[in-house]
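The values are calculated or read from the model by the stated rules, or taken from the named source; none is laboratory data. Since this is a predicted model, take the numbers as computed values, not measurements. Cβ placement follows ideal geometry from the backbone for every residue including glycine, while neighbour counts extend to all protein chains displayed. Quick note on the areas: whole protein, heavy atoms, side chains included, nothing else; ligands and nucleic acids left out. Shrake-Rupley method; radii C 1.70, N 1.55, O 1.52, S 1.80 Å.
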Amino acid sequence: EQDLKMAFGIQPQIHPDYCAFFRKSVMKAESFYRIKNTKTGEDLSKNAQVQGALIYHHNRETFEAMKRMAQAYQKTGDLRYPTKIRDILLEYVHWYRFLPPHSPAATSARIRIASSTLDGSYFFYEGLSAYAAVRNTPVFGPEDRRRIEEEFFGEIIADFYAHNDTFSNIQLHHLSSSGRAVIALDRWWNLLGEAVYGDNGFHAFANQGFTPDGSSGEAGVYHYFGLYPLLEFADEM
């Protein structure tokens, strides 16, 4: 019920910083371009690091809220939930093309809902799976589905697919996100084949991305981040 009352808007992508700078307890987004310190009243809008971090959290929370609303619809049949999801996604469709992509050099720079495709992969599937669960409800028209899938989700899936790196936890997050998205949407199946059988795909990682004792090939440091994307992907398949 709280998610139904949630205000939403697409934050502009300003600066390629990770979320470490973000302190939600003292920051509030008042509009697309205006952020203030809730304790001091200071205008934080010109602080690029704050802007970049807020974008990540704002979009992640919105995608997670869509997942909760899809689950609420499945339990209640209340069409207010898919209606809210539709309205949010159509807002994304409208704004996404205007947001400039920025990213650290270490990760793909094309995504626009976070500072990098890696950051976006942490929450992308939450919102996409929510849409997949409700897209056949009567609140979505054929043109709604086309625009949401082709002008928003499809663009992001292509961004994940375009990041084709060697055996790293970053690549695992990308192929897991794109592969699971294809399964949930039941389209663009050629991308699933690449995610599973490609040179840097699921099977290649399972066979070559770990040491003989089962530790991640990235010196063990990213073992968890190298394992759980594979497990999520396998579970979806």
Are there any pairs with C-beta distances below 6 angstrom linking a residue in the stretch 191-205 that is free of Cβ contacts under 8 Å to residues at least 40 places away in the same chain to a residue that is small (Gly, Ala, Ser) and part of a helix (DSSP H, G or I), with the two at least 6 apart or on different chains, and if so which?
-> Leu191/Ser178; Leu192/Gly179; Ala195/Ser178; Ala195/Gly179; Gly201/Ala195
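Counting just the residues of the stretch 154-179 that are assigned to a helix (DSSP H, G or I) and open to solvent by 20 Å² or more (accessible area, probe 1.4 Å), which one comes out farthest from Leu230 (Cα to Cα)?
To start, the set of residues in the stretch 154-179 that are assigned to a helix (DSSP H, G or I) comprises 154-162, 169-179.
From the residues that got through so far, the ones that are open to solvent by 20 Å² or more (accessible area, probe 1.4 Å) too are 155, 158, 161-162, 170.
Values: Glu155: 23, Ala158: 19, Tyr161: 16, Ala162: 18, Ile170: 12 Å.
My answer is Glu155.
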Count - residues of the stretch 199-229 that are over 21 Å from Arg180 (Cβ atoms), of a type in the set (Asp, Glu) and either surrounded by 11 or more Cβ atoms within 10 Å (Cβ to Cβ) or modelled with pLDDT of 85 or more (or both) | 1
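Yes/no matrix, rows are residues, columns are (1) under 13 Å from the mean Cα position of the chain (by Cα); (2) surrounded by 19 or more Cβ atoms within 10 Å (Cβ to Cβ); (3) modelled with pLDDT of 90 or more; (4) at negative phi:
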residue	(1), (2), (3), (4)
Ser108	no, yes, no, yes
Arg112	yes, yes, no, yes
Asp119	yes, yes, no, yes
Tyr125	yes, yes, yes, yes
Asn136	no, no, yes, yes
Under 8 Å between Cβ atoms, at least 6 apart or on separate chains: pull out the pairs that start in the stretch 89-110 with a residue that is among the acidic types (Asp, Glu) and end on any residue that is surrounded by 14 or more Cβ atoms within 10 Å (Cβ to Cβ) and at pLDDT 70 or above.
-> Glu91/Phe8
Restricting attention to the stretch 57-83, and to residues there that are at pLDDT 95 or above and basic (Lys, Arg), which single residue is nearest to Leu4 (Cα to Cα)?
-> Arg80
